[in-house]
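The structure appears right after this line, and notes come after that.
The values are calculated or read from the model by the stated rules, or taken from the named source; none is laboratory data. What you see is a predicted model; the values in this text were computed from it and never measured. Note that we place each Cβ from the backbone using ideal geometry, even for glycine, and neighbour counts take in every protein chain shown. Surface accessibility is based on the protein's heavy atoms, side chains included, excluding ligands, DNA and RNA. Shrake-Rupley method; radii C 1.70, N 1.55, O 1.52, S 1.80 Å.
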Amino acid sequence: GSRFGRTLAAHFDRSEHTQFSGERTSCLKFEMVDSQYYLPNDIGISALDCREAFRLLSPKEQLYAHYLSRASWYGGLAVLIQTSPESANIYALLQKLFRAQAPQQLKATATAAGLSAEEYQAFLVYAAGIYANMGNYKSFGDTKFIPNLPKEKFKALVWESLVFEESPSDIEALWGCCSEPLYSLEDKVKQLGLGDKGITTYFSGNCCLEDAEFAQKFLDSKKLSAYNTRLFKSEVDGKRCYEVRLASAEKADCCDAEKGGETFCGRYEFEDAVFNVKRGDYSFLMEKVCQNLEKAMAHAANENQKKMLEEYIRSFTYGSVEAHKEGSRYWIKDKGPIVESYIGFIESYRDPFGSRGEFEGFVAVVNKAMSARFTQLVSSAEVLLPELPWPPAFEKDNFLKPDFTSLDVLTFAGSGIPAGINIPNYDDIRQTEGFKNVSLGNVLAVAYATQKDKLTFLEEKDKDLYIKWKGPSFEVQVGLHELLGHGSGKLFVQDDKGKFNFDETAVRNPETGELISSWYKGSETWDSKFSTIASSYEECRAECVGLYLCLNKQVLSIFGHEGEDAEEVVYVNWLTMVRAGLLGLEFYTQESKSWRQAHMQARFVILRVLLEAGEGLVGLKECTGTDGRPDAVITLDRSKINTVGKSAIQRFLCKLQVHKATADVEGGRALYEGYSAVTADGTHDFLRLRETVLLRKEARKMFVQANTFFKDDAVKLVEYEGSAEGLIQSFVERFPDDAEEVEAQLLEMTRADSTCWC
């Protein structure tokens with residue numbers, strides 16, 4: 001399942017004090033709740049540096065990277081459609097405004113329209129946020145963000161603009177479509193979710209959890225993956241009808257060119273309902289993706305890359321996940337390429353049900369020096385895996401040595417950029433054929449720049465250590481998390497023919513000593529079984545593996561840390577984790593008692609486990625800050641990490657693996673949901689601490705990416721400054737040949753489905 005190979009979203013420091021505007025401080029509570037839904041004017045925006053990496057590529061490699069980037073950028077626009085009903089309309093409005101007037105020119109217009117400098121900056125930050133998140137919901141935390149300036153000021157700016165002067169009726173119509181949802185903060189639209197819990201465009205507005213479960217049953221019965229689908233429900237003559245829409249360039253539902261009918265297009269009676277499997281979701285964008293993959297094929301470095309692209313093209317043409325799996329098999333075989341990439345409907349974090357993938361595409365260049373360390377970690381994996389706290393029978397039969405490289409990102413299209421990735425997310429391939437790990441070096445480099453005065457919840461003496469060792473310790477954690485976290489552990493399976501992948505007469509549950517009594521059957525996967533908790537639970541398992549194995553001297557020395565330095569790396573890694581657990585409270589919604597971010601929930605769970613271990617290992621106390629407002633301090637006793645800490649993680653990690661391996665959803669849920677509960681009773685008042693965390697949170701950084709253009713027989717790299725203006729300009733120039741057609745198509749896709757959301 002998709003969280004089995006997961007992106008490691010960095011524990012980027014999120015600790016900046018919320019900016020309170022002077023006249024509003026009297027109404028602290030209101031301001032605090034509100035600020036969560038704005039991006040602050042001083043939000044961090046950094047350019048991803050890839051100039052050197054790109055310069056070192058041969059002309060052929062540059063062309064290959066260029067066309068893969070084009071495919072990624074076109075496909076990434078599908079995320080607008082996958083995020084919210086209004087995202088594509090907002091995107092089109094902004095693109096039109098800025099194409100007519102660059103941010104610098106629009107500034108004079110804004111002043112004329114009566115906007116203050118702060119309000120214009122807030123407008124630019126909002127636009128940058130839409131581009132960076134590919135929609136109006138944060139990619140990390142899934143909450144809505146709205147412009148931090150009055151609606152009438154936003155409208156005045158649009159009305160004063162050059163594009164309004166040129167085509168007033170078009171712009172007025174576009175404003176009419178999106179002005180309401182642009183600013184709405186009604187309860188249901190505050191976050192992504194299913195049914196009355198939030199907004200989603202993976203399901204029509206009349207779907208609830210029961211519909212998602214019922215559709216999963218249907219999909220399983222046809223052995224059809226949900227990754228590239230959306231679900232639309234209607235009623236015809238009193239009968240429930242569901243449309244399962246596949247993402248594909250091809251719109252026709254019957255197609256001779258498709259191999260063996262693997263997308264199952266057609267109409268099916270299922271229990272008391274009807275299912276129609278149809279093609280053509282995001283068809284214009286999928287066609288653009290295919291055209292560019294076709295061009296990239298001409299510059300592929302080897303047969304594996306060619307075959308991989310061929311299968312991807314088949315997948316995006318006909319909507320076949322089977323073809324994407326085939327492509328992923330060739331991708332795994334393409335070991336250590338200079339230009340690395342992956343593209344498709346990959347991560348299912350944002351489907352409230354947890355099984356539909358969001359489109360992403362990345363292109364990156366290998367960083368040789370950093371990759372050498374990861375390669376050494378891979379070579380040591382066979383020695384390290386037996387150190388993990390579960391019996392040998394619970395480990396994969398043989399460790400499939402993955403590729404593990406450090407990459408500098410050239411292009412990462414989608415809703416956000418992670419720090420590390422472990423893919424493919426197809427369980428069957430991961431268990432028997434292998435996977436790849438990547439750490440995104442130029443993302444990590446930018447993500448750590450932490451200023452001391454923005455470091456919350458730590459004692460003064462820990463702050464300097466934290467700043468010094470955060471980068472090195474996180475590199476160790478990313479490596480262990482991806483490779484030995486996501487890459488370890490067996491799933492017990494009985495296939496359709498009744499064959500077991502383990503000895504059911506001998507394998508015992510280490511927790512109970514009994515023979516194991518449950519396992520995955522037929523087409524059940526980790527994702528389909530553990531659905532709503534699968535993502536976070538798997539992240540938690542991988543994070544625990546990182547904490548547990550970073551105590552190993554051999555691991556530390558692979559990363560070049562010996563003696564006292566090694567101790568500091570361990571201390572800061574564990575300290576980072578418990579602090580991240582506290583910061584995680586920002587991503588918990590009290591009203592619906594739900595978590596909005598898989599990694600942050602996982603880190604909170606780990607904090608709870610380590611607090612429960614007692615013996616003074618972790619201290620967490622509330623206090624009053626120097627500013628007179630509520631604050632908190634978290635401490636870690638370094639002398640107890642190797643004893644109390646290690647044994648607590650050891651026990652917990654074994655439980656996580658046993659429930660996972662044996663498909664024990666009930667036991668796994670009870671364990672995980674128990675630790676995920678955020679309550680006011682017990683040793684700590686986590687609801688009150690959550691208020692403190694919200695009071696002192698820092699907005700997550702946004703990244704500006706370069707563009708590539710093919711001109712005069714050469715590929716030219718164009719970089720932009722790390723600011724809201726730079727981010728906006730990069731998107732304005734991203735589609736030089738067909739921006740207007742792209743926007744028209746996005747608006748048309750949005751219009752066609754507009755009745756499905758109410």
So, for the Cα atoms of the stretch 426-498, Rg and Dmax in Å stand at 18.8, 61
Spelling it out for THR143: with amide H atoms placed in the peptide plane at 1.01 Å from N, the residues 5 or more places away or on another chain with amide H under 5 Å from its amide H are LYS138
Everything considered on the Cα gyration tensor (a ≥ b ≥ c; rounded for a/c under 1.5, else prolate if a/b is larger than b/c, else oblate), the stretch 73-134 must be described as prolate
If each part is reduced to its alpha-carbon centroid, the stretch 113-153 and the stretch 653-667 end up apart, in Å, by 42
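For the stretch 677-758, just say rounded, prolate or oblate: build the C-alpha gyration tensor, square-root its eigenvalues into a ≥ b ≥ c, call rounded for a/c under 1.5, and beyond that prolate if a/b exceeds b/c, oblate if not.
oblate
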For the stretch 491-507, in residue order, the Karplus 3J(HN,Hα) values (coefficients 6.51, -1.76, 1.60; θ = phi - 60°; whole Hz; Gly and Pro = x) are 10, 7, 10, 10, 7, 4, 8, x, 7, 9, 9, 8, 8, 5, 8, 10, 6
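In the chain, carbon and sulfur make up what percent of the accessible area (probe 1.4 Å)?
50
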With -39,500 (n - 2.57) per DSSP H segment of 4 or more residues and division by the full residue count of the chain, the 222 nm estimate, nearest 500 deg cm²/dmol, is -14500 deg cm²/dmol
At the level of C-alpha centres, the distance separating the stretch 437-475 and the stretch 716-749, in angstrom, is 32
ARG55 and LYS621 label points (each 7 Å along its Cα→Cβ direction) are spaced in nm at 5.3
Expressed in angstrom and ordered largest first, the alpha-carbon extents of the stretch 486-586 along the principal axes are 54, 35, 25
Averaged per residue, the 1.4 Å probe accessible area of the stretch 283-332, protein heavy atoms only, in Å², is roughly 33
Mean projected area (nm²) from the convex hull of Cα positions in the chain is 32.1
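Past 25 Å, Cα to Cα, is the threshold; run LYS593/LYS697; LYS325/LYS660; LYS251/LYS711; LYS396/LYS436; LYS107/LYS151; LYS144/LYS716 against it and keep the listed order.
LYS251/LYS711; LYS144/LYS716
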For 614-621, 97-104, 698-705, ranked highest to lowest by mean beta-carbon neighbours within 10 Å, the order is 698-705, 97-104, 614-621
Taking a ≥ b ≥ c as the square roots of the Cα gyration tensor eigenvalues, with a/c under 1.5 meaning rounded and otherwise prolate when a/b beats b/c or oblate if not, the stretch 265-325 comes out oblate
